[in-house]
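A quick write-up on the structure given underneath.
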Amino acid sequence: MKEKTKQPWPTKDVMNQIYDLKLWGGEAFDFYSGNGSHNPKIVAPYLDSVISLLQFHQNSLTVCDLGCGDFNIGKHFTPYCTQYIAVDIVKSLIARNKTRFKEDNLTFKCLDIVETKLPKADCIILRQVLQHLSNSEIKKIIKKLNSYKYIILTEHLPVGDFIPNKNIIAGQGIRLKHNSGVDLTAPPFNLIFKEEKTLQTYHLKHNKGRIVTKLYQPF
């Protein structure tokens, strides 16, 4: 019998289900964006590296956070930029964030970053977002990134050699189980940039990969 091809859900429905069913954990939380957003050993060095970058620019950048999640990460960055725009596709999550986090320079927006125009900013943060999306969705996002001065990209990658950008259906999981990960500079994405810098790498125990944060400056 021929195996049925798995049909993708709309990404909005996928992300709503992840939070509704707590597929990333966090039973004690109303919304929980996963261990990668809450484990201090992962979060602390990431915060240090990004805050150092924002301070290097004298806290003058406008930042847009694409896939802000439960905002356990983004809440630390608002003192170091002129404006912080936090975006997520889950409407109920954005409504919750609006009531919980209030700063004069903070705005929350519910947007589908694949299909809609992105907010204007100097710097884009994409933290472990693309790894959950299909290649066709990532391609649509990349086309919009050249208008930004800086891209801070974080991806969960295998240790050692791997085949980049194996296609997946958007969902809870990532490419790691296929010995793959998102590399925007490799086919089929081929991001062109004038500068690339690794800001921080965190190696997970038990051969569960590494979380790599890079800074890109597009042409």
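Each value in this text was obtained by applying a stated rule to the coordinates, not by laboratory testing. Note that the structure is predicted; figures quoted are calculated from it, not measured. Neighbour counts are summed over all protein chains in view; Cβ atoms, including those assigned to glycine, are modelled from backbone coordinates with ideal geometry.
Worth pointing out:
- Kirkwood Rh and Cα Rg combined as Rg/Rh, the chain: 0.94
- The H on the amide N of residue 124, modeled in the peptide plane, is under 5 Å from the matching H of 64, 150, 151, 152, each at least 5 residues off or on a different chain.
- Taken about its Cα centre, region 11-218 carries a charge dipole of roughly 160 debye when the Cβ of each Lys and Arg holds +1 and the Cβ of each Asp and Glu holds -1.
- Neighbours of residue 64 by Cβ distance under 13 Å: Lys/Arg scored +1, Asp/Glu scored -1, total +3.
- Of the cross-linked pairs 22/139; 143/194; 98/140; 102/140; 144/194, those separated by over 21 Å at the C-alpha level are 22/139; 98/140; 102/140.
- Distance in nm between pseudo-label sites at residue 30 and residue 100 (7 Å out along the Cβ direction from Cα): 0.7
- Note on residue 117 and residue 194: with the Förster distance fixed at 22 Å, the Cβ-Cβ geometry gives a FRET efficiency of about 0.35.
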